[in-house]
Ligand SMILES: [Ca+2]
Ligand SMILES: [Ca+2]
């Protein structure tokens, strides 16, 4: 009986060590990644206190626009999480562009070198495989990057900072923007989900 207890203790110790080892391994990458927005509260602001929302080139033109909402289809598979849903329409007799903006609140990005987010198209509604994103520092000059290859499954997009050529001051970022325009967006109406916007050191 005594022997049985000792081996049980050994098994428990082994499990504890394995548990701690696993926890340490899981925590390590987080130090190299700053979550800007996981949208998991289903509300504003983002994880660093920044506001966000949909924008329209011309709010008076009702034939175009982006409607932002929260969607329970979380990119990380979190049953209580959310993603951002963008229902866009650039099908208009007028020049059309619209999308999503999110404040970076002057975040110092100098410890990082990559912008990441998850994207997924809405299979039912249809979706563009291509759209533009912009990153801005406090000078507000937009640095554009074209995201392509969107599918109806979640995928992680990682963009090295070097691609954002017009960012002068990485120590103070102002805004992350998604642009749907009538050149890159095909079809001209559809639904795109965005989640887990982060900065990381690769
Ligand atoms: Ca999320
Ligand atoms: Ca329209």
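Brief remarks follow.
- Scanning the stretch 11-32 for any residue that is modelled with pLDDT of 95 or more, under 28 Å from residue 161 (Cα atoms) and surrounded by 12 or more Cβ atoms within 10 Å (Cβ to Cβ) turns up nothing.
- Unique residue being part of a loop (DSSP other than H, G, I, E, B), under 14 Å from the mean Cα position of the chain (by Cα), closer than 16 Å to residue 199 by Cβ and within 16 Å of ligand 1 (Cβ to nearest atom) when the list is 116, 46: 46
- Residue in the stretch 163-170 that is in contact with a helix residue (DSSP H, G or I) (Cβ under 8 Å, 6 or more places away or on another chain), more than 16 Å from ligand 1 (Cβ to nearest atom) and not in a strand (DSSP E or B) present: yes
- All positions within the stretch 153-189 that are in contact (Cβ under 8 Å) with a residue 60 or more places away in the chain and more than 29 Å from residue 73 (Cα to Cα): 170, 171, 172
- Yes/no for residue 145 being more than 16 Å from ligand 2 (Cβ to nearest atom), over 19 Å from residue 190 (Cβ atoms), at pLDDT 95 or above and in contact with a helix residue (DSSP H, G or I) (Cβ under 7 Å, 6 or more places away or on another chain): yes
- Among the candidates 109, 123, the residue that is touching a residue at least 12 places away in the same chain (Cβ under 8 Å), in a loop (DSSP other than H, G, I, E, B) and under 19 Å from residue 46 (Cα atoms) is uniquely 109.
- Number of positions in the stretch 90-118 that are surrounded by fewer than 21 Cβ atoms within 10 Å (Cβ to Cβ) and within 16 Å of ligand 2 (Cβ to nearest atom): 5
The values are calculated or read from the model by the stated rules, or taken from the named source; none is laboratory data. Quantities reported herein were computed from a predicted structural model and do not represent experimental measurements. Reconstructed Cβ throughout: ideal geometry from the backbone, glycine too, with neighbour counts over all protein chains shown.
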